[in-house]
1. Residue 135 versus (1) within 30 Å of residue 70 (Cα to Cα); (2) touching a residue at least 24 places away in the same chain (Cβ under 8 Å): which is the lone unmet condition?
2. Mind checking which residues of the stretch 118-142 are in a loop (DSSP other than H, G, I, E, B) and open to solvent by 50 Å² or more (accessible area, probe 1.4 Å)?
3. From 170, 193, which residue is surrounded by 18 or more Cβ atoms within 10 Å (Cβ to Cβ), modelled with pLDDT of 95 or more, touching a Lys or Arg at 6+ places or on another chain (Cβ under 7 Å) and among the aliphatic types (A, V, I, L, M)?
4. Counting only residues that are in contact with a Pro (Cβ under 9 Å, 6 or more places away or on another chain) and assigned to a helix (DSSP H, G or I), which one in the stretch 87-109 is surrounded by the most Cβ atoms within 10 Å (Cβ to Cβ)?
5. I'm trying to understand the selection: among the residues of the stretch 64-83, which are under 18 Å from residue 226 (Cβ atoms) and either without any contact (Cβ under 8 Å) to a residue 12 or more places away in the chain or assigned to a helix (DSSP H, G or I) (or both)?
6. Quick check on residue 186: is it assigned to a helix (DSSP H, G or I), touching a residue at least 40 places away in the same chain (Cβ under 8 Å) and over 17 Å from residue 62 (Cβ atoms)?
7. Specify which of the listed residues (215, 223) is over 14 Å from the mean Cα position of the chain (by Cα), under 20 Å from residue 127 (Cβ atoms), open to solvent by 10 Å² or more (accessible area, probe 1.4 Å) and among the aromatic types (Phe, Trp, Tyr).
8. Counting only residues that are among the polar types (S, T, N, Q) and touching a strand residue (DSSP E or B) at 6+ places or on another chain (Cβ under 6 Å), which one in the stretch 116-165 is nearest to residue 95 (Cα to Cα)?
Amino acid sequence: MGVKLINFLFILLLLSGCNPSNRQNQPSTSSGEANNRVEFHAFQQLLDGASVKGAILVYNAREETLLSNDFSWCQQGHLPASTFKIPNTIIALETGVANEQTLFPWDGQERALDAWEQDLNLREAFHFSCVPCYQEIARKVGSEQMKLWLDKLSYGTMDVRHENIDRFWLEGNSKINPFQQVDFLRRFYFKELPITDQTHHLMKQIMVIESQNDWTLSGKTGWSIREGHNTGWFVGYLEKGGEVYFIATCIQPTEAFNMDMFNIIRRQISLEAFRVMEVIQ
């Protein structure tokens, strides 16, 4: 069922000013017009069918409409995990710590994933989600510059200190919620972040995950384990026919879930969300 046809759902109008407090709760629009919130029950059916709990949040930029199965969940903050590689890459490019040609040499030590046991350039480090590579970036940026840039980017609530500079997005008290993830991506996409056109252009290229005949999916997954609880992310956007849809999927496994599937389920569920919206086939 298309978004325009779900007129039986209860719609709440929310004012979306451009101040930071509003950005913590929902995507804002440069025009300051109201966004619609639509409770989209098909998203809950997707999560139930996959034996996971959580929320899918989609923002239709043209219609200025937010769709989710659980807006309360979307207000809950979690560690960004590897979704932080998006702002981390932006900051690396803006500070000159890394560029498209930067090579992260493997030191020969055993790493958590075989894909990390090789020399990787920036694009490869992003797509292989190379934690050691991005820890190196964070250490080179340093805690003071990192805090400065995160403030400029209005990215969640990150607990950045000298002693945790290479792991603050993986453990500890840092948090970001689905509303903030979508808002950050929206501001990035529409060039509302204080970054150069060069960085924006390169990041858009780096973030592409999948391209089909009539649509392109860009984004990043993330997986954190905090106090024994697994939280999985997919954040990104889908472009089709001149339109763009932003998404933040944040899920946790139920007891019935097969954890061998957790690595792939976040992206699969996100694509299925676009299918039930009839954005893609």
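1. (1)
2. Scanning the stretch 118-142 gives 118, 119, 128.
3. The conditions single out 193.
4. 87
5. Passing the criteria: 73, 75, 81, 82, 83.
6. Values: assigned to a helix (DSSP H, G or I): yes; touching a residue at least 40 places away in the same chain (Cβ under 8 Å): yes; over 17 Å from residue 62 (Cβ atoms): no.
Judged against the criteria, residue 186 is not a match.
7. Matching residue, one of 215, 223: 215.
8. So the residue we want is 121.
The values are calculated or read from the model by the stated rules, or taken from the named source; none is laboratory data. The shown structure was predicted, so the numbers you read here are calculated from the model rather than taken from an experiment. FYI the Cβ positions are ideal-geometry reconstructions off the backbone, even for glycines, and counts take in every protein chain you see. SASA here: full protein model, heavy atoms, side chains in, ligands and nucleic acids out. Shrake-Rupley method; radii C 1.70, N 1.55, O 1.52, S 1.80 Å.
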